[in-house]
Each structure stands twice: as C-alpha cells, then as structure tokens.
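Data first, discussion second: the structure below is written as structure tokens.
Taken together, the values in this text are just the output of simple stated rules run on the coordinates, not laboratory data. Worth saying up front: this structure is predicted, and the values here are computed from it rather than measured. Backbone-built Cβ (ideal geometry, glycine too); neighbour counts: all protein chains shown.
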Amino acid sequence: MSLPVTPADVASARHVLTGAVLRTPTLPAPRLSAITGAHIFVKYENLQVTASFKERGALVKLASLSPEERARGVVAMSAGNHAQAVAYHAARLGIRATIVMPKHTPIVKVAATEAHGARVVLHGESVGDASEEADRIAKEEGQVWVHPYDDAHVIAGQGSIGFEMLEDAPDLDVLVIPVGGGGLISGIATAARHMRPDIEIVGVETTLYPSMWNALHQENRPCEGATLAEGIAVKNVGALTREIVSALVSDVVLIDEPTFERAVNLFLTQQKTLAEGAGAAGLAAVLADPDRYRGRNVGLVVSGGNIDPRIVASIMLRELEREERIVSFRFSMLDRPGELGIISSLLGSLGANILEVEHKRHFLDVHAKGARLDVTVETRDRAHADQVHKALIEDGMDVVRIDWNSTGA
C-alpha cells in the first residue's frame with residue numbers, strides 16, 4: 001500500500017528534530033491506571049517550549065524549504081499551537097513569518113505568537129476565514145504556506161512521537177490519539193504500524209466537531225459549538241490525513257464535553273500536569289469506555305498544555321461539584337436573630353466547611369416572616385454530603401439539596 005507519508009519519511013524527520021525539539025518522556029501513570037482499570041502510559045508533549053507537539057511538524061516543514069523559499073518567508077493559519085510553533089522555529093531559522101488568526105483569538109495566544117517575532121494578522125470570525133486570508137497573503141506576497149496538518153513534512157514530523165513512544169514503552173497494546181485535522185494521528189499511525197503492525201490505534205474527536213468521523217463514515221453531522229477541546233475543533237480534515245487514517249487507524253470515537261472536563265481535571269490533580277482540552281482527549285476516551293481498555297497497555301499523548309487558567313479553575317470547581325465535594329443546601333427558616341448562627345454552628349459540627357451564603361427575603365414564594373438561605377459547603381465526598389443532609393433533617397431543619405443543573409436557580 002502506497003501512502004503519502006512513509007516510515008522512512010518519519011525516520012528522516014527525526015534527524016531534523018534531534019537537538020532542536022525535546023524528546024519528551026513516555027511514563028507510566030499509576031494513578032490514572034487505578035482509576036481507569038487500564039495500564040496507562042503518557043507521552044508529555046506539553047513539555048515542549050511552546051507546550052505543544054506542533055513544534056515537530058512545523059520545524060520539519062521549515063527545514064525542508066530551499067534558500068529561495070526561506071527568503072520569501074512563510075505564512076500559517078492557526079488559533080493557537082501551530083501559530084506559536086511556526087513563529088518560534090521560524091525565528092530560530094531566521095525566516096520571516098506571518099500568522100493569520102481569527103479576530104477573537106485569546107489575547108494571551110496572540111501575544112505569545114508575537115513574542116516569537118511573527119507578524120500576526122487578525123482576520124475573520126473562524127479558522128476557516130483565517131485560512132482563506134492566509135491563502136490570499138501567500139499568493140499576493142509570495143510566501144510559503146505552512147499548513148497545520150495536511151502536509152507530508154508536517155505529518156512526518158508529528159510521526160516522530162510514534163517512534164519515541166514505542167521505543168520507551170514497547171509493550172503498548174493501543175494508542176489513543178486526539179484528532180483535529182488528522183496530522184498527529186496520521187504521523188503516529190505511520191510510525192507505530194511500522195514498528196508494531198498489530199497495534200490498535202484509536203482516534204478521538206469531540207462530539208461537537210466529528211469531522212474525521214464524517215469523512216470515514218460518509219456522514220454529515222454538524223461541526224459547531226463551543227468546546228473545551230478547541231485544538232481539535234476542525235470542520236474539515238485534510239486529504240492526505242484522511243487517506244492515512246482510513247488505511248491505518250482502527251477506530252475514531254466521539255466524546256462529550258463533561259468527559260473532556262473530567263480528563264483535564266484528572267491530569268491536573270492526579271498527574272500534576274496541565275493538559276488543554278484537546279491534550280486530554282485520549283484519557284477522555286478511556287474514561288468514556290473503560291471496558292474497551294481494561295487490563296491493556298494504553299498509550300496517551302498530552303498533545304498540548306495551552307489552556308486558559310480561568311478555564312482550569314472553572315473545571316476544577318465543576319468537578320468538585322460533580323463529585324459532591326462542593327454541595328449547596330437551601331434552608332427555609334424564620335427571619336429572626338440567631339437563626340443563621342444555629343445553622344452555621346450545626347454545619348461546622350458536622351464537618352462541613354461553609355464556602356458561600358446567600359440570604360433571600362424578598363421573593364414572593366418566601367413567607368413574609370421567613371427567609372430562604374442558600375449555603376454552599378465543602379464536604380469530604382458524596383457519602384459525607386449525604387450524611388450532612390440527613391443530620392440537618394434529623395435536627396428539624398427545613399432543608400433541601402440544590403441541584404444547580406436542574407433548578408436553574
């Protein structure tokens with residue numbers, strides 16, 4: 001079978017990357033293994049200078065340019081990781097770089113790209129709009145187009161990850177890899193299948209952007225919506241990547257947003273590493289279908305760690321609420337001195353730490369002589385939360401547990 005990228009191409013790319021891109025570790029993750037039932041090994045691409053695997057493909061592509069092409073400069077389109085990777089390595093090689101990004105790209109990503117010396121052009125509302133502008137600039141200014149995924153040099157560069165993972169963990173049974181445009185999984189599959197023809201390779205997309213799924217299944221599911229995994233929120237996959245994925249990838253699965261959140265949180269709390277939504281896709285797939293991976297040696301790639309700290313904080317709080325380590329109670333009580341003190345003392349005696357209190361008097365569904373008190377507390381776990389609730393009722397409190405997902409309060 002003749003494919004656009006060969007194992008020999010990936011091997012050549014490795015020579016280009018040696019000494020210029022970090023050979024990141026592939027390490028066992030015992031805590032994640034205990035949670036999932038699989039034997040998890042993690043490849044930490046978030047340790048690269050720009051915190052993403054994108055450096056590999058970007059450097060291999062830039063290194064392939066002729067002196068004349070380097071003199072013309074390069075143009076790339078990206079909302080984040082590819083932009084920083086191209087800008088960083090273009091600066092290292094003395095190549096002028098123009099990066100086109102959507103208008104609403106977070107300022108932190110724009111600033112990081114500019115810090116590497118690239119000219120940033122903000123254009124359009126979407127990655128598609130930015131891509132069209134980048135194509136126009138390439139034609140008008142004669143710059144070389146550096147595609148984020150549908151390029152043989154880029155795919156070969158990403159494929160170096162596959163060789164490294166199986167060198168460090170040769171007994172892996174399955175690789176579970178994020179899929180956006182398909183460059184990462186295409187490269188890894190090319191290398192991994194060469195070393196281990198029997199290895200299973202599973203691609204992971206967010207349910208909101210099933211672009212590769214559509215391509216493989218001849219379906220037309222919508223690709224739209226706000227997703228935590230914006231790094232793989234791609235509406236159209238590449239022609240080269242589709243061909244490689246069709247030939248070498250065992251399956252592509254779709255994962256929902258809450259599972260991505262849980263995966264990001266577990267990487268942070270259990271592995272002490274920062275993974276962006278797309279970077280946690282492999283773990284999300286294992287969490288979503290643990291029976292498929294139980295007892296098997298599973299390789300995951302933390303493909304990137306560029307995530308907004310505010311999003312991380314939100315995810316951690318949401319996970320605490322899902323685990324019922326943060327719960328809210330609604331008390332209906334008489335509006336008289338000392339009532340709040342009684343409730344707070346009782347909660348304290350039960351080991352619940354009060355985080356927030358909201359006192360409501362002026363609602364029509366509250367008795368004229370009464371008040372409603374919403375109290376958010378920290379508990380040890382779900383069992384402790386149930387124990388606190390039961391004890392409050394047994395003490396004569398008029399109290400209900402608030403489910404913010406269903407009340408709309």
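What is the diffusion coefficient of segment 229-373 in µm²/s, taking the Kirkwood radius over Cα pairs and the Stokes-Einstein relation at 37 °C with a viscosity of 0.692 mPa s? Kindly include the intermediate steps, with their values, before the conclusion.
On the way: Rh = 19.3 Å.
In µm²/s, the coefficient rounds to 170.
Its residues counted as N, segment 3-102 yields a C-alpha radius of gyration over 2.2 N^0.38 Å of 1.30. The lysines whose alpha-carbon is closer than 27 Å to the alpha-carbon of residue 272, local same-chain residues fewer than 8 away aside, are 43, 54, 109. Extending 7 Å from the Cα toward the beta-carbon at both residue 129 and residue 12 defines two label points whose distance is 3.9 nm. Straight-line cross-link reach from residue 103 at under 16 Å between alpha-carbon atoms covers these aspartates and glutamates, not counting any fewer than eight positions away in the same chain: 114, 125, 129, 132, 133, 230. Counting only alpha carbon atoms, the long axis of helix 183-195 and the longest principal axis of the chain meet at about 70°.
Basic side chains Lys and Arg get +1 at the Cβ, acidic Asp and Glu get -1 at the Cβ, and with that the dipole of segment 250-409 about its Cα centre reaches some 200 debye.
Between 0 and 90 degrees, the angle of helix 127-141 with respect to the longest Cα principal axis of the chain falls at about 30 degrees.
In terms of packing, defined here as the mean over residues of other Cβ atoms within 10 angstrom, the peptides 330-342, 233-245, 76-88 line up highest first as 76-88, 233-245, 330-342. Just to confirm my numbers, what's the Cα centroid distance between segment 174-220 and segment 304-339 in Å? When both Cα centres are located, 36 Å separates them. Packing-based ranking of 300-312, 14-26 yields 300-312, 14-26, ordered from highest to lowest mean Cβ neighbour count within 10 Å. The value given for segment 175-221 is a Kirkwood hydrodynamic radius of 11.4 Å, derived from the mean inverse Cα-Cα separation.
Ignoring aspartates and glutamates fewer than eight residues from residue 390 along the same chain, the ones with Cα atoms less than 12 angstrom from its Cα are 398. For the chain, a simple Cβ point-charge model (Lys and Arg +1, Asp and Glu -1, everything else neutral) yields a dipole of about 700 debye relative to the Cα centre. Computed on segment 324-407, with alpha-carbon pairs under 8 angstrom and 6+ residues apart, the relative contact order is 45 percent. Note on residue 360 and residue 310: the extension gain reaches 15.1 nm, defined as 0.36 nm multiplied by sequence separation minus the Cα-Cα distance. Thinking of segment 54-146 as a set of Cα atoms, what percent of all their pairs are more than 23 Å apart? Value for segment 54-146 (Cα pairs over 23 Å): 14 percent. Calculate log10 I(q)/I(0) of segment 147-247 for q = 0.13 Å⁻¹, where I(q) comes from the Debye formula with a single equal point scatterer on each Cα and nothing for solvent. Values, matching the q order: -0.44. Label-to-label distance for residue 317 and residue 395 is 2.6 nm, based on points extended 7 Å past Cα in the beta-carbon direction.
Quick check: residue separation of residue 139 and residue 272 times 0.36 nm, minus the Cα distance between them. What number comes out in nm? Spell out each step's value before the answer.
Details: separation 133, 0.36 × 133 = 47.88 nm, distance 4.48 nm.
Between residue 139 and residue 272, full extension yields 43.4 nm more.
Near the amide H of residue 255, within less than 5 Å, lie the amide hydrogens of 205, 206, 207, all on another chain or at least 5 residues away, with H placed in the peptide plane. The alpha carbons of the chain occupy a box of 82, 48, 41 Å along the principal axes, longest dimension given first. Couplings 3J(HN,Hα) for segment 63-79, derived from phi with the Karplus relation 6.51 cos²θ - 1.76 cosθ + 1.60 (θ = phi - 60°), are 5, 7, 6, 6, x, 5, 5, 4, 5, 6, x, 10, 10, 9, 10, 5, 9 Hz, where x marks Gly and Pro. Once you reduce segment 20-53 and segment 131-158 to the center of their Cα atoms, the two points are 29 Å from each other.
Placing one equal scatterer on every Cα of segment 324-407 and applying the Debye formula, the log10 ratio I(q)/I(0) at q = 0.14, 0.26 Å⁻¹ is -0.44, -1.43.
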